[in-house]
Amino acid sequence: MSIEKRPNWKWRARVRDASGKEIARHFDRKSDAERWEASAKASITRGDWIDPARARVTVGAWAAQWMAAQVQLKPTTRARYEVALRRQVFPTWEDLPLSAVSYAEVAAWVQRLTASGLAPATVRYAHRVLSLVLAHAVRDGRMTRNPAEGVRLPRVVKEEPVFLDHDQVAMLGDASGRYGLLVRFLA
């Protein structure tokens, strides 16, 4: 761990993370190098150091790794996750690095999905899938926290059930042909 002046007049600050890997950054001013070194040492000591290189993976690439790791999923759940990723998550997040995902961006994304006319349940499901992908990145040490946590989601409004009256059941039974008796019985 040191700060030294390089031949190109830049200042290089170096630290070693918990695994012993050396991380170095270059700065124009010595004070900036000292500030970064102190911050990096404090993060390493607290145990919340994230190697910037590990956070450069894109959300799309990380989501593919996450899906491959989900061996416990039923085929229908896997298919629903893939649809949510392809239709709602990837258009916005696929090419962005994990380090670029912020709480404000996720909140704005949820707002855009809601404003586009998607059902609240669909928006909530898409957010859930993105949140699961980001939580996996947190557990893998690629992010310090999940920026999708705590984002306000649209409410799912339950509608009053609609029941057919006797005349409507009779019309449906007549229109059902040979299954008319079954329709009347079930109604």
query: At a Förster radius of 30 Å, what calculated FRET efficiency corresponds to the Cβ-Cβ distance of Q72 and E149, to the nearest 0.05?
result: 0.85
task: Provide, for the chain, the number of lysine pairs with alpha carbons under 26 Å apart, each pair being eight or more places apart or on different chains.
output: 9
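Hey, can you find the accessible area per residue of the chain for me, probe 1.4 Å, expressed in square angstrom?
67 Å²
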- request: Kindly identify region 53-157 as rounded, prolate or oblate by the Cα gyration tensor criterion: order the square roots of the eigenvalues as a ≥ b ≥ c, call it rounded if a/c is under 1.5, otherwise compare a/b with b/c, prolate if a/b is larger, else oblate.
  value: oblate
query: Roughly what angle does helix 30-46 make with the longest principal axis of the chain, taking Cα atoms, 0 to 90 degrees, to the nearest 10?
result: 50 degrees
- prompt: In degrees from 0 to 90, rounded to the nearest 10, what is the angle of the helix 166-175 Cα long axis to the longest principal axis of the chain?
  reply: 90 degrees
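If I compute solvent accessible area with a 1.4 Å probe over the protein chains, what percent of it on the chain is carbon and sulfur?
Its accessible area is 54 percent carbon and sulfur atoms.
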- line: Between R29 and A61, Cβ-based FRET efficiency (R0 41 Å, step 0.05) works out to 0.70
query: Which entry is the computed Rg and Dmax of the Cα atoms in Å for this structure: [x] 15.7, 43; [y] 26.4, 92; [z] 14.9, 43?
result: [y]
Computed lengthening from A119 to L172, 0.36 nm per intervening residue step minus Cα-Cα distance: 16.2 nm
- request: With a bin width of 10 angstrom, please list the P(r) values of region 119-159 as percents of all Cα-Cα pairs, from the 0 bin to the one holding the largest distance.
  value: 31, 42, 21, 6, 0
- request: Round to the nearest 0.05 the FRET efficiency obtained for N8 and S99 when R0 = 30 Å and r is the Cβ-Cβ distance.
  value: 0.65
field: Highest-first arrangement of 101-108, 27-34, 175-182, where packing means the average Cβ count within 10 Å
entry: 101-108, 27-34, 175-182
- prompt: So which residue, out of V156, V57, V129, gets the largest mean-square fluctuation from a GNM of the chain using Cα contacts under 10 Å as springs?
  reply: V156
task: Compute the length gained on full extension between Y179 and R16: take 0.36 nm times their separation in residues and subtract their Cα-Cα distance, giving the result in nm to one decimal.
output: 51.2 nm
- request: Can you tell me the 0 to 90 degree angle between the C-alpha axis of helix 120-139 and the longest principal axis of the chain, rounded to 10?
  value: 30 degrees
query: Using alpha carbon centroids, what distance separates region 139-158 and region 99-127, in Å?
result: 10 Å
- line: Residue-normalised 222 nm signal for the chain, counting each DSSP H run of n ≥ 4 as -39,500 (n - 2.57), nearest 500 deg cm²/dmol, is -15000 deg cm²/dmol
field: Nearest-20 debye value, the chain charge dipole, Cβ charges on Lys, Arg, Asp, Glu
entry: 900 debye
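The values are calculated or read from the model by the stated rules, or taken from the named source; none is laboratory data. The structure presented is a predicted model; accordingly, all values stated were derived computationally and were not measured. We place every Cβ from the backbone using ideal geometry, glycine too, and count neighbours over all the protein chains shown. These area figures cover heavy atoms from the full protein model, side chains too; ligands, DNA and RNA do not enter into them. Shrake-Rupley method; radii C 1.70, N 1.55, O 1.52, S 1.80 Å.
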